[in-house]
């Protein structure tokens, strides 16, 4: 029996995304806007006024889109790290309610991990057990599971925006700040190892690694040498560990302006993509993965599936 169309909005630290599907789960539209909601949150604990305004305007525009596709009440708006970390998060909730009539929710790192695994693991062909990495603006989720579901997960205070604001303070990055960034990543991964071990999980035991979200997909587009961002070519693509390491070093050596000129770079991602590249390269190397398989399906797909 066919159901009515539904929509999900993923409010991330760097970008806000919309997915609208029909009653059978077929995609009607998928949209993304970079609003940098996490700007300054790591340092101040508060949402930046301009970033909040950009984000609420984007969500308001998404409301118009889902209504055009016939979505009425089957909408889920989920916020992640930036809103979780902000002391004044009620400003965001009130703004969303006024703009859409819907109450947004903050999902925990565990919920975010579960949704990302559900969206990614069934979208690409990989060996099990598999790991999924979701590098966001403010946090990174590391998830391990198999056909039976999740075995363990951890959400780290480590994302491309957070790492850039803490460590990558020059443009291009100085040698010392690169050392600082790698040390910060290593410290967070030490934390991941300990927390996963408490769940009886070792990331190095995973047979494959799936990368989801904007950092991984953009790095895939750059690795493939695409002139523009082409989802059909990015989904399911594979980046060897050595190639990813070389790409991350290349991006660190460029200025934001130079990164912005790279063909598939989405506006607003050029000043943080190098941080995301360092995180992904470190995970591949540390845990002995030969490659990362990139999936366009992620926690957003999991969100909309939860409304079925």
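Yes/no matrix, rows are residues, columns are (1) farther than 17 Å from residue 164 by Cβ; (2) in the same structural domain as residue 174 (by TED's automatic domain parsing); (3) in a helix (DSSP H, G or I):
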| position | (1), (2), (3) |
| --- | --- |
| 211 | yes, yes, no |
| 214 | no, yes, yes |
| 220 | yes, yes, yes |
| 228 | yes, yes, no |
| 233 | yes, yes, yes |
| 239 | yes, yes, no |
| 242 | yes, yes, yes |
| 245 | yes, yes, yes |
| 251 | no, yes, yes |
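Out of the residues in the range 10-32 meeting the condition of being assigned to a strand (DSSP E or B) and within 13 Å of the chain's Cα centre (by Cα), tell me which one is surrounded by the fewest Cβ atoms within 10 Å (Cβ to Cβ). Among residues in the range 10-32 that are assigned to a strand (DSSP E or B) and within 13 Å of the chain's Cα centre (by Cα), the one surrounded by the fewest Cβ atoms within 10 Å (Cβ to Cβ) is 32. Quick check on this structure: which one of 39, 43 is modelled with pLDDT under 90, within 18 Å of the chain's Cα centre (by Cα) and not in a strand (DSSP E or B)? Within the list 39, 43, the selection yields 39.
The values are calculated or read from the model by the stated rules, or taken from the named source; none is laboratory data. Everything numeric in this text was worked out from a predicted model, so none of it was measured. Reconstructed Cβ throughout: ideal geometry from the backbone, glycine too, with neighbour counts over all protein chains shown.
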